[in-house]
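Notes follow the structure.
The values are calculated or read from the model by the stated rules, or taken from the named source; none is laboratory data. Everything numeric in this text was worked out from a predicted model, so none of it was measured. Cβ placement follows ideal geometry from the backbone for every residue including glycine, while neighbour counts extend to all protein chains displayed. Side chains included, ligands, DNA and RNA excluded: accessible areas come from the protein's heavy atoms. Shrake-Rupley method; radii C 1.70, N 1.55, O 1.52, S 1.80 Å.
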Amino acid sequence: MDNTLIKADDIWLLWAFLAGWAAVSIYLEQKYKWASKISGAIIALLGAMLLANLKIIPTESVVYDTVWGYVIPLAIPLLLYQANIVKIIKESGRLLIMFFFSSAGTVAGVIIAFFLLKDYIPGLEKVAAMMTGSYIGGGVNFAALSTKFEAPGELVSATVVADNMMMAIYFFVLILIPTLPFFRKHYKTPYVDELEKNHTGENKAAAYWKGKEISLKDIALSIGTAFALVAISFKLAEVFGNIIPSGENANFFFVLLKGTLGDKYLVLTTLTILAVSIFSRYFENLKGAQEIGTYLIYMFFVVIGVPASISLIIHQAPLLLAFVAILVVVNLAVSLLLGKVFRFNLEEIILASNANVGGPTTAAAMAISKGWTQLIVPILLVGTLGYIVGNYAGSAIGYWFSSFL
């Protein structure tokens, strides 16, 4: 860490890099067609990975910890402002079902991988919990579950490296699938067919994120409300965590209750969803929240690319890479199989799998880059459920697998 060009204590330089590279990733995505096809999220991740491996930036710093501890909690409610449960069920029924099919693939993959590798990877029950949450809703859940199960720092770092490497590979696979003749032959592809019929050279990302009317009041209320939701949620989780019995005095019910009500990220996502569903008109009228939340999550994509050391993967994390590889292979296989049986379109299957593994942001980015405009809002709405579903599923998996070790 000391032999990098930018040192770990060069706080402002590292903040400039995080904020600047997130901005560059968004700019490239909206400026160039090749970048739009890859997506800004992948550019953010790969750029950080490259600079870390070239020893330009450090792999650990308090700046990265700040992103995990403060930026992500603020991004979560901002991205959930449109997640009205009633609206999701009404407008995104097909994708919601496909999302749960894909989630079942993640759970099946975790179970298979765990029982294959549990004797070879210490602390695998913690990894399984983190990766269940991460692959049912994206990397935002990873931070919550790593804290919840008190995973050792070196285990978290190695898992992040394996996860990031696999995510980058998997996203390229998902981008490639709609272009392959085999899948075009065996699955319906109405959105791809429509685009090929009405081909234009327009950059889809730039068109989607075009300028919108937004006021200072919108920015103030969006950010102010996010701060309030985070503060109230984290305080409630702290209060519940203190009053619910733990340790020798706690039975399974109390352990489960403490793990639910005492988890600040679960409380944050649940409270935000409730607030959005009850006060839907207020949140729907806030403009700019999605843009601000997306920019913050792009900073997160930069941070998760930082620890992805190729040498570390080779020397310390090959089995973890195998673990996450099993997860994504089973997720994709189950998604494709159930999608075929229940007559889902290939585009819906791919986006549902993407929303599970990468979260709503990467899924929406893919829909935007591919020009599947009718699916952008539905997959964004459905994907946000992963913030809740993934955390609960990861918690359940963690508690269950702990009994085997």
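With each run of n ≥ 4 DSSP H residues scored as -39500 (n - 2.57), what mean residue ellipticity at 222 nm is computed for the chain after dividing by its residue count and rounding to the nearest 500 deg cm²/dmol? Taken over the chain, the calculation gives -24000 deg cm²/dmol. Tell me whether the chain comes out rounded, prolate or oblate; compute the Cα gyration tensor, take square roots of the eigenvalues as a ≥ b ≥ c, and use a/c under 1.5 as the rounded threshold. It is rounded, given that a/c, with a ≥ b ≥ c, falls under 1.5.
The calculated FRET efficiency for ALA220 paired with ALA19, based on their beta-carbon distance and R0 = 25 Å, is about 0.75.
Annotation: lysines with alpha-carbon distance below 27 angstrom to LYS118 (same-chain offsets under eight excluded): LYS126, LYS148, LYS258. As a fraction of the 1.4 Å probe accessible area of the chain, surface on carbon and sulfur atoms comes out at 68 percent. Here LYS55 is the anchor, and the lysines within straight C-alpha reach of less than 25 Å, apart from those fewer than 8 places off in the same chain, are LYS7.
When every alpha-carbon pair in the range 1-128 is counted, what percent end up more than 21 Å apart? Here the long-distance tail beyond 21 Å is 66 percent of all Cα pairs in the range 1-128. Summing charges over all other residues whose Cβ lies under 13 Å from the Cβ of PHE114, with Lys and Arg as +1 and Asp and Glu as -1, gives 0. Rounded to the nearest 10 square angstrom, TRP400 shows an accessible area of 110 square angstrom against a 1.4 Å probe.
Here the 3J(HN,Hα) profile of the range 46-55, calculated from phi with Karplus coefficients 6.51, -1.76 and 1.60 at θ = phi - 60°, is 5, x, 5, 4, 5, 5, 5, 6, 8, 6 Hz, Gly and Pro shown as x. Between the amide H of GLY138 and those of GLY359, distances stay under 5 Å, these residues lying 5 or more places away or on another chain, with hydrogens modeled in the peptide plane. Between the residues TRP68, THR269, PHE344, the greatest Cα displacement towards the positive end of the dipole of the chain, with unit charges on the Cβ of Lys, Arg, Asp and Glu, is found for PHE344. Against the empirical 2.2 N^0.38 Å (N residues), the range 63-149 has a Cα radius of gyration ratio of 1.31. Accessible area of LYS55 (1.4 Å probe, protein heavy atoms only, ligands and nucleic acids ignored): about 110 Å². Averaging Cα coordinates gives a centre for the range 224-243 and one for the range 355-385; these two points are 28 Å apart. 3J(HN,Hα) couplings calculated from phi for the range 110-126 with the Karplus curve 6.51 cos²θ - 1.76 cosθ + 1.60 (θ = phi - 60°) are, in sequence order, 4, 4, 4, 5, 4, 6, 6, 10, 4, 7, 10, 10, x, x, 5, 5, 6 Hz; Gly and Pro show x. Accessible surface calculations at 1.4 Å, restricted to protein heavy atoms, place the chain at 43 Å² per residue. Output the relative contact order of the chain, whole-number percent, from Cα pairs under 8 angstrom with separation of 6+ residues. Computed value for the chain: 37 percent relative contact order.
Counting heavy atoms of the protein chains alone, VAL389 has an accessible area of about 40 Å² for a 1.4 Å probe. Note that the range 321-338 has calculated 3J(HN,Hα) couplings of 5, 5, 4, 6, 5, 4, 4, 6, 5, 5, 4, 5, 4, 5, 4, 5, 5, 5 Hz, one per residue in order, obtained from phi through the Karplus relation 6.51 cos²θ - 1.76 cosθ + 1.60 (θ = phi - 60°); glycine and proline are x.
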